[in-house]
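In what follows, a single structure is set out as structure tokens and then discussed.
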């Protein structure tokens, strides 16, 4: 049985959808009493199989969709090789064809083109929009105008060339059941209006044809508060309302961002001095934004060829012939891209690269000969920038590519080559061992030992954050205390760019106030409880590097200190991923956000089997009164349950696991509403200070191991002084006492104007 347009009734006559699905179930579903009617069935359509409740309406079908085509991506359209062949046969410009109709990219296939549009362009000899309007397309205007969760602003970003994150899991595979922005965006992916990268979970407009169609739709959407008027730019563009951004690079005219001038001047000095170097920083640390800004900063003096290796499929690196063709093709695309504003290359050198992009015999040596000619005849020095370079850094073809770059660099007085080369990624290409497990270290030696050190600080300082907030305040007049808001955000993030911008984005979107400390704490709570690519990457790297996981656990729960040593493999890996940093010669967790997220990660692994955690879940109703947290009651109940569960444990057990036990009790109580942070300055094997934020109220709790009355009294005085810093009159002291004559329980101590609630277990 073959059915084309299987989903047409669902798309065009939704009122008959349920009856139609029942029919399909009867037609294809077998059971213990009913045999299958057909040996095989093949259906095509726009939508995946309709979901019906908790299961698929036609559960026996294998699905291959625009979101997950698996091994069948090449059948979704024309491959690049097929389009190249058609362009040669019919004498059409391949680069224009690529600009207009390419952009769909599948992990196992590479570039895929819209077949109908390609054939129309070949027949007509004209590059234009040949997009076929459908009933589903007509509904897009309605969906956008409803502005699900800020959909119109998202569409504006898409038209402006910004990638957006899309959660495709909840889509019900129809045109009626929409629960939010993600469902509409998922439909747009299935309709072909967006292309989706299943690796990153992000979507974008694939080409100029679709950009035109989006612009047409937006013109008819009456949302003056969100979408500003359409500019008269080629192929349609939008003037965006300025916003904070964590999805892709930031642009000064579209996003609130820190001033990069000082960084640009420092990087340009490296470029001016003909340095080859690597910008290696942790995930979402502003590398791509920096590279975009650098390209603009250099373009007056240099011809900048900027690309991204993540846009190339793994198949490109299977052998040097394939890589050389694709690299030549990539350089041609950059030069021909009107937005790049590149000029001054000799036409004959460009044609030579064009021929190379179709030459299946070309090798790396041939490619570099052509690149050398290109650089030699260029009217400006040529700078090569490659982002996400570590995505292929352990690939032999890439290593050979680096080797040739190194050879030409060393011989640059005799042979022309790039003036400067800038590679960007998480891993330092100078040391490929970082990306490998210890048992693999001997397999690779990087040829990139010519690279200069890159020591430009890319984190945000308090002053950087102040500048960004000042720009925001000019537009929005919130009345915020800019200096204090910047200090608080920095205190949570230690200037990690993604975390700073995400907190600001949450405040912009969800807070209707003055960016107070309470509002910032609420934004942090949302951030800590959400799933995002940064936290997903954290879990992946911790699972992949057990030595790193062990060190983080020891720092967090045992109070163990590690002298900072960049030659220590584990510390180097942790710093590279952004999880660790140096502070006064010691290795510490990079920021409060990461620290709390790591605590939550480790505690979640033990929470289900934790007896005291289960007690906390049952007791939660005792601790919340009128929406506020009763910390006195928390301490009383903890003492009670601790003795019930751990009363017979020895001293070594309590010393080692005491703070973890308390956090296992605390976390279920405040989870989802409040957060906790560990003060790095006071954390050691004997003492830990915990700050709890609950709906804007702070509680200071000191955890101590009992070491005699004198030590304990000194701790009480330290806590009283610490309360002054936080402008608090009341604090909490939890003492793990191993004295056989100890008096357990909870008591109040008054020290001057301060009250200390001391709990002894």
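The values are calculated or read from the model by the stated rules, or taken from the named source; none is laboratory data. The shown structure was predicted, so the numbers you read here are calculated from the model rather than taken from an experiment. Here Cβ is always computed from backbone atoms with ideal geometry, including for glycine, and neighbour counts include all displayed protein chains.
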Check on residue 525, in contact with a strand residue (DSSP E or B) (Cβ under 7 Å, 6 or more places away or on another chain), part of a helix (DSSP H, G or I), modelled with pLDDT under 90 and surrounded by 14 or more Cβ atoms within 10 Å (Cβ to Cβ): yes
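Residues to consider are 406, 355; find the one that is under 18 Å from residue 94 (Cα atoms) and modelled with pLDDT under 95.
Values: 406 fails: under 18 Å from residue 94 (Cα atoms).
Exactly one of 406, 355 is under 18 Å from residue 94 (Cα atoms) and modelled with pLDDT under 95, namely 355.
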>> Would you confirm, using the coordinates I've provided, whether residue 341 is farther than 23 Å from residue 98 by Cβ, surrounded by fewer than 16 Cβ atoms within 10 Å (Cβ to Cβ) and touching a residue at least 12 places away in the same chain (Cβ under 8 Å)?
In response: no
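With the requirement that a residue be part of a helix (DSSP H, G or I) and loosely packed, with under 13 Cβ neighbours inside 10 Å, what does the stretch 622-645 give you? Before you say what the answer is, go through the steps one by one.
Quick first cut of the stretch 622-645, residues part of a helix (DSSP H, G or I) only: 622-623, 631-645.
Matches in the stretch 622-645: 644 only.
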Residue 169 fails exactly one of (1) over 20 Å from the mean Cα position of the chain (by Cα); (2) closer than 17 Å to residue 49 by Cα; (3) modelled with pLDDT of 65 or more, namely (1)
Can you find a residue that is at pLDDT 75 or above, over 24 Å from residue 4 (Cα atoms) and assigned to a helix (DSSP H, G or I) anywhere in the stretch 69-81? yes
Okay, helices (runs of 4 or more DSSP H) sitting entirely in the stretch 280-381 with 2 or more residues that are under 22 Å from residue 451 (Cα atoms) and assigned by TED's automatic domain parsing to the domain that holds residue 405, I get 287-298, 364-377
Of 509, 547, 519, the only residue that is surrounded by fewer than 19 Cβ atoms within 10 Å (Cβ to Cβ), within 25 Å of residue 486 (Cα to Cα), outside the structural domain of residue 657 (by TED's automatic domain parsing) and in contact (Cβ under 8 Å) with a residue 12 or more places away in the chain is 509
Per the list (1) part of a helix (DSSP H, G or I); (2) at pLDDT 90 or above, residue check on residue 606 breaks on (2)
Only unsatisfied item for residue 348, checking (1) buried (at least 20 other Cβ atoms within 10 Å of the Cβ); (2) modelled with pLDDT of 90 or more, is (1)
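So is residue 597 assigned to a helix (DSSP H, G or I) and touching a residue at least 24 places away in the same chain (Cβ under 8 Å) or not? Lay out the reasoning, then the answer.
Working: assigned to a helix (DSSP H, G or I): yes; touching a residue at least 24 places away in the same chain (Cβ under 8 Å): yes.
Taking the combined requirement at face value, the residue satisfies it.
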Among the residues of the stretch 302-321, the number that are buried (at least 16 other Cβ atoms within 10 Å of the Cβ), over 24 Å from residue 292 (Cβ atoms) and touching a residue at least 60 places away in the same chain (Cβ under 8 Å) is 2
Residue pairs qualifying under the 7 Å Cβ cut-off, at least six apart or on distinct chains, with the first in the stretch 1-12 being assigned by TED's automatic domain parsing to the domain that holds residue 43 and at pLDDT below 85 and the second being surrounded by 12 or more Cβ atoms within 10 Å (Cβ to Cβ) and part of a helix (DSSP H, G or I), are 9/16; 9/17; 9/20; 10/17; 10/20; 11/136
Expected output for the stretch 252-263 (first residue surrounded by 13 or more Cβ atoms within 10 Å (Cβ to Cβ), partner assigned to a loop (DSSP other than H, G, I, E, B), Cβ below 6 Å, 6+ apart or cross-chain) is 254/240; 255/245; 256/244; 257/250; 258/460; 263/456
Quick count over the stretch 32-52, residues being modelled with pLDDT under 65, part of a loop (DSSP other than H, G, I, E, B) and within 25 Å of residue 188 (Cβ to Cβ), is 1
Here, helices (runs of 4 or more DSSP H) confined to the stretch 92-159 with at least 1 residues that are farther than 28 Å from residue 71 by Cα, at pLDDT 75 or above and under 24 Å from the mean Cα position of the chain (by Cα) are 151-159
(1) touching a helix residue (DSSP H, G or I) at 6+ places or on another chain (Cβ under 6 Å); (2) farther than 21 Å from residue 644 by Cβ; (3) modelled with pLDDT under 90 all hold for residue 690 apart from (1)
